[in-house]
Structures are given as C-alpha cells and as structure tokens.
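The values are calculated or read from the model by the stated rules, or taken from the named source; none is laboratory data. Note that the structure is predicted; figures quoted are calculated from it, not measured. Cβ atoms come from the backbone with ideal geometry, glycine included; neighbour counts cover every protein chain shown. Ligands, DNA and RNA are excluded from the accessible area calculation, which covers all protein heavy atoms including side chains. Shrake-Rupley method; radii C 1.70, N 1.55, O 1.52, S 1.80 Å.
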Amino acid sequence: MLDDEPHARDEISFLLDGDPRIGSVRSAASGASALKLLSNEPFDVLFCDIKMPGLNGLELARVVSQFSAPPAIVFITAYEDHAVEAFGLQAVDYVMKPIRAERLRKAVRRAVESRLSAHSSPAEHEEQADETIPVELGGVTRFVHRSEVRYVEAYGDYVRLYTDDGEQHLIRATLNVLEERWSGAGFVRTHRSLLVRLDRVDEMIRSPDGHTTLRVGPDELAVSRRHYREVRDRLASR
C-alpha cells in the first residue's frame, strides 16, 4: 500500500488487513521506498496513490509493468482526471477517495480475478479476464466492465455501449478495433454498425423476406446478409 499521507495509508492498510483474501500488507510512504520493496520481494497487488512528491503512482506503475512478474495495480486517488492514463497502464481498478470499505472490497475482488487470470491457461484467460472502460458522464468518470456490455453500435469515430442495466455510454473508439479486441470474449459482428455479445442473444428471427434480426433483451438488432452465416453458426455452437 503506497500513499504519502499517513492517515490515508493507515486507513487503507487497516481495511485491507481486515479482508480475508489479503495475506499481508506492506506499506510505503514514497514511490522510491515502494519501488525498493517491490524490487526485493514479490507482491501480488500494488495499491497506490497517484499524486505524490518524487516518483508518483503513474511513474511507478510504468516501471513496475516492466517486471517479469508485475503485480496487479489498483490506483487509489482523490483525482479522477488520470483514469484514462491509469487504465492504459493495465490497472485493474481506479478507486476514488474518500475510501468506502465496500468499494475497496470490490477492488480487491478485481485484483484477485486478475491474478487468477494471469496464471490460467489461454482458454481460461479468455473466459476470466475482463476489461474496464472509463466513460465520461456529466464531467464524472465512471467505469464500465466489458462483461456488462450487451452490444455496441458504431457512431462514426465513436461507439455506443449498451449495458445490462439499460444504460448507454458513448466512447471514442471504432467498431473494428473492438471487434478484434473482444472476439475472444464472445462478441460477434452482426452488421457493419453492430457488435453483439452472443450470450445476451435471446432469439434469432428470420422473416419470410429473408431479413434476420436478433432479440437482445428489449432490442431487435439487424443481421446483415454478409454476417448471417457466421452469426448463425456461432449461436448454434455456443
């Protein structure tokens, strides 16, 4: 646990000590002292603040990512403006201060899942690993997990994520990139503007005139003739 503020360091260490999934907690007051600890013994997870004098949390994460067996990284900070950069460093979570015990437990769970995934076989890795996507909503950064996404729709240089809770999130990305990145997580292209998660499909409907749609919850999504055979075969084998 790395934080230059003694009160925050003690509070977070206390909460982590009380989690049965945590074996032991070591704390550091600076990036330099944390790097020394990390270099001398293996750690599963690094919980660290971002804004600190000297070596800050993001800089430390860049160094640690070069280790042969780097720990999972959870950022704990009072500043939301580094979220995109943090997830670019493959952080498993980004927790905002003031800390809530329930929120920290969720971060621990994600870190544990990340470590299990790192030691699994390639097939297990595809099944277990999740991706966290930072989204902006009214000036507030929220975090959506890929596993919560039912389907994705293209909007030029952006895509809109449709999630299980009925919410929509517009992010800057392309459907082609997401199709390549998420194919191993059960997403399939059904149309030039749609990417659908197969295990969210309730029905495949073929009309007399040859048009095909998928029912995904309350929505009906088009399947183009070009993608029909792949979608049909993937649904049949799921």
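Can you name the number of the only condition in (1) of a type in the set (D, E, K, R); (2) open to solvent by less than 70 Å² (accessible area, probe 1.4 Å); (3) not in a strand (DSSP E or B) that Arg229 fails? Evaluating Arg229 over (1) of a type in the set (D, E, K, R); (2) open to solvent by less than 70 Å² (accessible area, probe 1.4 Å); (3) not in a strand (DSSP E or B) leaves (2) as the failure. Total residues in segment 16-29 satisfying the condition of being surrounded by fewer than 18 Cβ atoms within 10 Å (Cβ to Cβ), in contact (Cβ under 8 Å) with a residue 12 or more places away in the chain and either in a helix (DSSP H, G or I) or among the basic types (Lys, Arg) (or both): the figure is 2. Residue count for segment 72-103, restricted to those that are part of a helix (DSSP H, G or I) and of a type in the set (D, E, K, R): 3.
Residue-wise test of (1) out of contact with any Pro (no Cβ under 6 Å at 6 or more places or on another chain); (2) touching a residue at least 12 places away in the same chain (Cβ under 8 Å); (3) of a type outside the set (Lys, Arg); (4) open to solvent by 70 Å² or more (accessible area, probe 1.4 Å).
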| site | (1), (2), (3), (4) |
| --- | --- |
| Leu2 | yes, yes, yes, no |
| Glu5 | yes, yes, yes, yes |
| Gly31 | yes, yes, yes, no |
| Ala86 | yes, yes, yes, no |
| Arg105 | yes, yes, no, yes |
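Within segment 153-176, being under 16 Å from the mean Cα position of the chain (by Cα) and of a type in the set (Val, Ile, Thr) holds for Thr163, Ile171. If you go through segment 166-181 and pick out every residue that is modelled with pLDDT under 90 and either of a type in the set (Gly, Ala, Ser) or touching a helix residue (DSSP H, G or I) at 6+ places or on another chain (Cβ under 7 Å) (or both), you end up with 1. Considering segment 58-84, and only residues there that are in contact with a Lys or Arg (Cβ under 8 Å, 6 or more places away or on another chain) and closer than 18 Å to Ser13 by Cβ, the residue that is most open to solvent (accessible area, probe 1.4 Å) turns out to be Ala78. Can you find even one residue in segment 212-222 that is open to solvent by less than 40 Å² (accessible area, probe 1.4 Å) and closer than 17 Å to Leu175 by Cα? Within segment 212-222 (the criterion being open to solvent by less than 40 Å² (accessible area, probe 1.4 Å) and closer than 17 Å to Leu175 by Cα), the answer is yes, since at least one residue qualifies.
Would you say Ala123 is under 25 Å from Gly186 (Cα atoms), modelled with pLDDT of 75 or more and either of a type in the set (A, V, I, L, M, F, W, C) or open to solvent by less than 40 Å² (accessible area, probe 1.4 Å) (or both)? No; evaluated as a whole, the condition is false for this residue.
Restricting attention to segment 192-211, the residues that are charged (D, E, K, R), loosely packed, with under 13 Cβ neighbours inside 10 Å and not in a strand (DSSP E or B) total 4. Every listed requirement among (1) in contact (Cβ under 8 Å) with a residue 12 or more places away in the chain; (2) closer than 29 Å to Glu136 by Cβ; (3) out of contact with any strand residue (DSSP E or B) (no Cβ under 6 Å at 6 or more places or on another chain); (4) open to solvent by 20 Å² or more (accessible area, probe 1.4 Å) is met by Val45 save one, (3). Does Leu60 meet the test of being at pLDDT 90 or above and not β-branched (Val, Ile, Thr)? The answer is yes for Leu60. Please go through segment 177-191 and pick out each residue that is in a strand (DSSP E or B) and either under 17 Å from Gly88 (Cα atoms) or over 18 Å from the mean Cα position of the chain (by Cα) (or both). Matches in segment 177-191: Val188, Arg189, Thr190, His191. Answer with yes or no whether Arg160 is under 21 Å from Thr132 (Cβ atoms), among the basic types (Lys, Arg), free of Cβ contacts under 8 Å to residues at least 12 places away in the same chain and open to solvent by 40 Å² or more (accessible area, probe 1.4 Å). Judged against the criteria, Arg160 is a match.
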